[in-house]
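Structure first, commentary second.
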Ligand code: FES
Ligand code: FES
């Protein structure tokens, strides 16, 4: 089967790759481009471990085809930090112990950032519903929700 | 150790008890951390598994010839590639395993015993080719009748999974085989006499369904066996040494031939304590002489790893009108899955363990059924048995008109209580957690319409076990720690904190890593809530040994005798002498070359003296009488941690355990069709709690120190999954004035009870 050429932007850099038409974006990120930060927990859109941004829209990379990335702007967990400074969410997750095993963390961070870009002042309920697609089996969500709310509050105060 | 304990508990702690950043935090928030599926090797093949479509079938023949001819297929393995074993039981954490069963679970031999049971595995140059090869493997089955529930499996005439299984623990031994693998009994006193003294007796049957640990990271591994038989294995596991030992046995390697490196682990909860893909990948790699990577998909995780038991239990408790329990009795029947090994032993041992009873009996049965073989799941066996007991306790409280916490306080186990499973308990925190619950504002907060409050307690043993770790003092005064228990929830931080506290050097200068199986002596699993307790003990011991060495070096440099030197806040200090003289760890380290060479120490021991941890949870629920939907309105988890090294991660264990328990109580269950196929093999249908399902989980850490750990640590990881099941069921029962005796309390079940009683 011949492969399709795809040109895309990932975390601000341009990338080109060849992929089979049935390959998912998650598969391409992880296996063709060696960006292993996005995780696969289910491959069916149910866990959110593969959450990435595509043209400013939060998507499950396991539900997007690699070819769909053509001409689009993709953002993954690898693009959250700038130089040696972490995104405030990343720092807050460390400070508040909002991760235990850490497998859900990349997806949760990408999703939380998407929320805060849309909504500067989310309520606890809004955070909980926004993150309802990101499963975490370790934390019981408490510290994750607190971390997101604190980052939002700090951003409003600066 | 008692002396040291004293000094530690009395001295003001600087680091232990604080909340520093975890050493692996940045790796985990940037996507840099490598988990099981995140590693590749050049020339790597992809391995896939052929699984049984039948719940119970004889395997007549397997023909792999067509698959072998497919271009790109490099190796195929079936049961003929694995040695057989006689029946031999070996302890594995809180569970016991039998090599004869392990080899058959890893690869079916005579029979396939559940849908999803491994029948063959293929390694090929791509996933596509591997999948095509699976389709070309020709397996001839003779389908047999299957059995899924314990009450069917124990009946005479039920389909037999193992025709040589004679129940252990019954005298005289039964003459014919059955699906009942064993019977256990714990307790003392005379329960009949106890019941005759009771003013009130409540007796009830309960049902719980099979549930899965639900770790987000599927099983994955990468094996590479070279032409000379040397093997490297990278895998997501709670115990790399345990994996090494299983794999070397199953495949006839010696321990030195296999080096296992644990990846970062994306959740385990007991489910990553045994082997599934690892021996297959090694066998395929040995055959092909190429690296082989294998990953389970989510459906395979559900059908073919090791969930925990569904169960039928019966509980009977007698009390005086004043709340004094006169006797407790229970019978537990747990699903083992396809091979014996249900956690019914620990379930029976802990069923009544929160209480100080005179007459108590707990009988358990381990029953095989055509479901995946169970593995450990957080406090294996405990949530099920204690759910039954704690539900009956609540019913008694209502019937005798007593506050449920007061009823528990009246009967609470304390230091000196003889536990139902035999030993006399040391200091434990049952009374303390109950009192903390009672005085918590949550307990007296007003409730809304259709709301009610439930409470329940939980007891878990925790374990120690074989542990080995080492410490290196680097030339620049920094410190390396090598640990043998994978960090599943922040344990690198706790270990570095304890070393920092002992040494008196900042935690940032201490780098903890998880060693591979060649770098340390045998380490038992991260499991049984043992990492902070056991590995922590060896870290403290090896750090103290390193301090002795540092003092020796300082004495050499000062040309004084060792007894003239003490260690104080990161420095050697001359005790006598006119002027105070100190030398920092870094100064000593820099001169190590001329005082005897590098400074390092290690500690290897079989750690004993784990302290049981008790917890009490309070939950408010609201029941929607139209839909049967139960919502968790407010939740408070209270637990005795002994000592919280890093309180945020202790809270995290309590919160995570509580929410797993909420899932078990409200939603989660394995649903089989009549063919024995699991119908909910994805997170959409096997619904674990999502963020919007739960409120904040308040926590109260109680600290009743464990005298057997230098800082008083008990384990904390497992206890918090025990109380939620009964606490929620009790709350729903109180909200509806109906007694619920079945989990999960999913809307259809709640509605049925509301409508039909
Ligand atoms: S892997 Fe994409 S949602 Fe689970
Ligand atoms: S931290 Fe383990 S799944 Fe979220």
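Just so you know, all these numbers are worked out from the coordinates, no wet-lab data involved. Keep in mind it's a predicted model, so treat the numbers as computed, not measured. Quick reminder, even Gly has a Cβ in these numbers, built from the backbone with ideal geometry, and neighbours come from all protein chains shown.
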May I ask you to say which residue of A:65, A:26 is more than 15 Å from the chain's Cα centre (by Cα), more than 7 Å from chain B (Cβ to nearest Cβ) and either touching a residue at least 40 places away in the same chain (Cβ under 8 Å) or more than 16 Å from ligand 2 (Cβ to nearest atom) (or both)?
-> A:65
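Okay, residues lined up against (1) surrounded by fewer than 19 Cβ atoms within 10 Å (Cβ to Cβ); (2) in a strand (DSSP E or B); (3) within 36 Å of the chain's Cα centre (by Cα):
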{"position": "B:580", "(1), (2), (3)": "yes, no, no"}
{"position": "B:601", "(1), (2), (3)": "no, yes, yes"}
{"position": "B:616", "(1), (2), (3)": "no, yes, yes"}
{"position": "B:620", "(1), (2), (3)": "no, yes, yes"}
{"position": "B:626", "(1), (2), (3)": "yes, no, no"}
{"position": "B:644", "(1), (2), (3)": "no, no, yes"}
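Determine whether residue A:104 is within 16 Å of ligand 2 (Cβ to nearest atom) and touching a strand residue (DSSP E or B) at 6+ places or on another chain (Cβ under 6 Å). Don't jump to the end; show me each part of the working.
Numbers: within 16 Å of ligand 2 (Cβ to nearest atom): yes; touching a strand residue (DSSP E or B) at 6+ places or on another chain (Cβ under 6 Å): no.
So residue A:104 does not fit the description; no.
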Residues within the range A:29-62 that are in contact with a strand residue (DSSP E or B) (Cβ under 6 Å, 6 or more places away or on another chain), within 11 Å of chain B (Cβ to nearest Cβ) and part of a helix (DSSP H, G or I), tallied = 1
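Each row is one residue, and each column tells you yes or no for (1) surrounded by fewer than 22 Cβ atoms within 10 Å (Cβ to Cβ); (2) away from chain A (no Cβ under 14 Å).
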site: B:631; (1), (2): yes, no
site: B:640; (1), (2): no, yes
site: B:651; (1), (2): no, no
site: B:704; (1), (2): no, yes
site: B:716; (1), (2): no, no
Note on the range A:63-73: residues away from ligand 1 (no atom under 14 Å from the Cβ) and part of a strand (DSSP E or B) are A:73
Please find, within the range B:255-295, the residue that is surrounded by the fewest Cβ atoms within 10 Å (Cβ to Cβ) out of those that are away from ligand 2 (no atom under 16 Å from the Cβ) and in a loop (DSSP other than H, G, I, E, B).
-> B:289
Examine the range A:104-115 for a residue that is away from chain B (no Cβ under 11 Å) and on the phi > 0 side of the Ramachandran plot, and state whether such a residue exists.
-> no
State the number of residues belonging to the range A:108-158 that are near ligand 2 (Cβ under 9 Å from one of its atoms) and outside any loop (DSSP other than H, G, I, E, B).
-> 2
Some residue of the range B:528-540 being touching a residue at least 12 places away in the same chain (Cβ under 8 Å), surrounded by fewer than 24 Cβ atoms within 10 Å (Cβ to Cβ) and not in a helix (DSSP H, G or I) = no
Taking into account only those residues within the range B:653-682 that are touching a helix residue (DSSP H, G or I) at 6+ places or on another chain (Cβ under 7 Å) and part of a loop (DSSP other than H, G, I, E, B), which is farthest from the other protein chains (Cβ to nearest Cβ)?
-> B:681
Could you grab me the full set of residues in the range B:156-177 that are over 27 Å from residue B:420 (Cβ atoms) and surrounded by 13 or more Cβ atoms within 10 Å (Cβ to Cβ)?
-> B:158, B:159, B:160, B:161, B:162, B:165, B:166, B:177
Can you name the residue in the range B:356-391 that is surrounded by fewer than 24 Cβ atoms within 10 Å (Cβ to Cβ) and in contact with a strand residue (DSSP E or B) (Cβ under 7 Å, 6 or more places away or on another chain) and, of all such residues, is nearest to residue B:215 (Cα to Cα)?
-> B:363
Using the structure shown, decide if residue B:242 is more than 14 Å from chain A (Cβ to nearest Cβ), within 25 Å of residue B:719 (Cα to Cα), in a helix (DSSP H, G or I) and more than 16 Å from ligand 2 (Cβ to nearest atom).
-> yes
Filter the strands (runs of 3 or more DSSP E) completely within the range B:15-94 down to those with at least 2 residues that are under 26 Å from the mean Cα position of the chain (by Cα).
-> B:89-92
Does the range A:74-90 contain at least one residue that is more than 16 Å from ligand 1 (Cβ to nearest atom), facing chain B (nearest Cβ under 9 Å), buried (at least 21 other Cβ atoms within 10 Å of the Cβ) and in contact (Cβ under 8 Å) with a residue 60 or more places away in the chain?
-> yes
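Results for (1) touching a residue at least 60 places away in the same chain (Cβ under 8 Å); (2) more than 16 Å from ligand 1 (Cβ to nearest atom), shown as yes or no for each residue.
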| position | (1), (2) |
| --- | --- |
| B:210 | yes, yes |
| B:214 | yes, no |
| B:218 | yes, no |
| B:222 | yes, yes |
| B:236 | yes, no |
| B:240 | yes, yes |
| B:248 | no, yes |
